[in-house]
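S.K.: Pasting a structure here, questions to come.
The values are calculated or read from the model by the stated rules, or taken from the named source; none is laboratory data. Keep in mind the model is a prediction, meaning the values are calculated, not measured. In this analysis, Cβ positions are derived from the backbone assuming ideal geometry, glycine residues included, and neighbour counts consider all displayed protein chains.
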Amino acid sequence: MGVLLVGTLGLSALPGCSDDNDHPAGQRGATESGGRQATRFTVAGTGDFLLHEVVTKQAASDARAKGKDGFDFSPMLAQLKPIISETDLGICHVETPLAPPSGPFQGYPTFSSPPQIVNAIRGLGYRTCSTASNHSIDQGEPGVRRTIDDLDKAKIRNTGTARSAKEAEEINILNVKGAKVAQLSYTFGTNGIPKPAGKPWIVNDGLNPQKILADAARAKQAGAEIVILSLHWGEEYQHEATPEQRGLARTLMRSPNVDLILGCHAHVVQPYEQINGKWVVYGMGNAVANPTANTQATHEGIVARVTFTRNSQGQWKTQPSFVPTLVTPGTIRLRTLSSDSGNQATVARTSQIVRSLGYNIPLASTQN
Ligand SMILES: [Zn+2]
């Protein structure tokens with residue numbers, strides 16, 4: 001369990017303290033003199049929605065089964081709903097750019113995915129998504145714009161790509177049970193696809209620690225108490241965090257302006273590590289992907305959960321946990337697993353990987 005020491009003096013002077021929206025009626029006055037109101041919230045992050053062709057075919061067949069056209073990703077992801085919708089801040093990763101509603105759709109290697117995934121993202125209860133990935137500009141600027149437009153329309157906050165230089169400068173801050181929480185998103189690169197001329201801001205690429213830390217500092221200056229980084233990084237299909245991941249995590253976690261890292265891209269689960277009392281989840285695996293492609297490990301993922309508790313002195317404590325997930329073939333479905341579910345081989349393998357750097361991270365109940 002880590003303790004984040006947040007400067008209480010500075011925080012108690014923030015204008016946010018007098019913002020009625022931050023303090024539900026009935027709880028005001030509970031704050032100790034000079035301190036802050038105690039609060040507790042849980043973040044739940046998931047890995048890549050990798051919409052391979054068989055996954056979109058399943059969504060089409062699930063739509064038909066309901067007498068609808070198009071795609072319905074909700075049945076396939078339904079088991080995430082009790083976990084994500086009951087949590088305070090559900091964070092997803094939209095790895096691939098979204099197509100127009102009627103396509104054309106493309107799978108690997110230059111994705112263009114059915115935008116109907118956004119209905120599922122909203123229905124499952126996600127509040128914010130990262131969009132910086134090595135596939136962000138697979139469909140150029142139109143793909144970036146469509147993805148942001150669709151998430152905005154569904155009122156899903158998003159970060160990592162931008163439609164303008166001004167939008168790229170905006171910090172994504174959410175109110176989570178009265179605490180201001182920022183999510184920022186970065187990718188190592190864009191598979192060699194060049195960014196449109198004159199638009200370097202279209203995607204946060206390059207994993208430049210100076211840039212990331214400058215953004216995190218701006219987030220704190222803008223009132224964020226907790227800054228979460230969504231990083232698209234690591235070596236595909238490799239459970240071990242790479243030396244580059246571990247080095248960058250150390251650099252970023254040295255800063256008081258970064259509080260949690262949630263990693264994506266490897267398509268397999270990677271471990272948790274505690275650095276400076278704060279948690280790094282190196283890789284959450286795939287949330288959904290073709291359950292017959294590659295190796296079994298790419299069908300496995302986690303919901304990474306971290307509960308933040310702030311006492312009245314303004315100090316944060318964190319408690320991590322995880323829910324193993326498995327995408328099963330046939331009728332493609334994502335299963336959330338626990339110590340008494342089926343698929344105990346996956347539970348055991350995933351637990352071993354999550355804990356492989358020596359931290360005994362507990363399984364979370366799948367009920368909350
Ligand atoms: Zn990726």
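S.K.: Go through the stretch 94-110 and give me each residue that's within 15 Å of the ligand (Cβ to nearest atom) and either crowded, with 22+ Cβ neighbours inside 10 Å or of a type in the set (D, E, K, R) (or both).
M.R.: VAL94, GLU95, THR96, PRO97
S.K.: Which condition from (1) within 16 Å of the ligand (Cβ to nearest atom); (2) crowded, with 17+ Cβ neighbours inside 10 Å; (3) modelled with pLDDT of 95 or more is the one that LYS220 breaks?
M.R.: (1)
S.K.: Also, quick follow-up: Name the residue that is nearest to the ligand (Cβ to nearest atom), counting only residues in the stretch 160-192 that are within 20 Å of ALA216 (Cβ to Cβ) and of a type in the set (Lys, Arg).
M.R.: Step by step, filter the stretch 160-192, then rank; the result is LYS166.
S.K.: Assuming HIS265 fulfils every condition listed in (1) on the phi < 0 side of the Ramachandran plot; (2) in contact with a strand residue (DSSP E or B) (Cβ under 7 Å, 6 or more places away or on another chain); (3) buried (at least 18 other Cβ atoms within 10 Å of the Cβ); (4) modelled with pLDDT under 95 apart from one, which condition is it?
M.R.: Going through the list (1) on the phi < 0 side of the Ramachandran plot; (2) in contact with a strand residue (DSSP E or B) (Cβ under 7 Å, 6 or more places away or on another chain); (3) buried (at least 18 other Cβ atoms within 10 Å of the Cβ); (4) modelled with pLDDT under 95, HIS265 breaks only (1).
S.K.: Return a yes/no flag: does the stretch 152-159 have any residue that is buried (at least 18 other Cβ atoms within 10 Å of the Cβ), of a type in the set (Val, Ile, Thr), more than 16 Å from the ligand (Cβ to nearest atom) and modelled with pLDDT of 95 or more.
M.R.: Scanning the stretch 152-159 turns up at least one residue that is buried (at least 18 other Cβ atoms within 10 Å of the Cβ), of a type in the set (Val, Ile, Thr), more than 16 Å from the ligand (Cβ to nearest atom) and modelled with pLDDT of 95 or more.
Let's see how each residue does on (1) in contact with a Gly (Cβ under 7 Å, 6 or more places away or on another chain); (2) assigned to a loop (DSSP other than H, G, I, E, B):
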position	(1), (2)
ASP69	no, yes
LEU77	no, no
GLU95	no, yes
GLY103	no, yes
ALA120	no, no
ASN134	yes, yes
PRO142	no, no
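S.K.: Quick check on the stretch 294-312. Is at least one of its residues surrounded by 18 or more Cβ atoms within 10 Å (Cβ to Cβ), in contact with a strand residue (DSSP E or B) (Cβ under 7 Å, 6 or more places away or on another chain) and in a loop (DSSP other than H, G, I, E, B)?
M.R.: No, the stretch 294-312 has no match at all.
S.K.: Under the condition of being in contact (Cβ under 8 Å) with a residue 60 or more places away in the chain and not in a strand (DSSP E or B), which residue from the stretch 157-190 is nearest to the chain's Cα centre (by Cα)?
M.R.: So, considering only residues that are in contact (Cβ under 8 Å) with a residue 60 or more places away in the chain and not in a strand (DSSP E or B), the one nearest to the chain's Cα centre (by Cα) is GLY160.
S.K.: Exactly one condition in (1) in contact with a strand residue (DSSP E or B) (Cβ under 9 Å, 6 or more places away or on another chain); (2) modelled with pLDDT of 95 or more is false for LEU51; which is it?
M.R.: (2)
S.K.: Which pairs turn up if I take residues in the stretch 348-367 that are farther than 16 Å from SER338 by Cα and look for partners that are hydroxyl-bearing (Ser, Thr, Tyr) with beta carbon separation below 6 Å, at least 6 apart in sequence or on another chain?
M.R.: From the stretch 348-367, the pairs are TYR359/TYR272.
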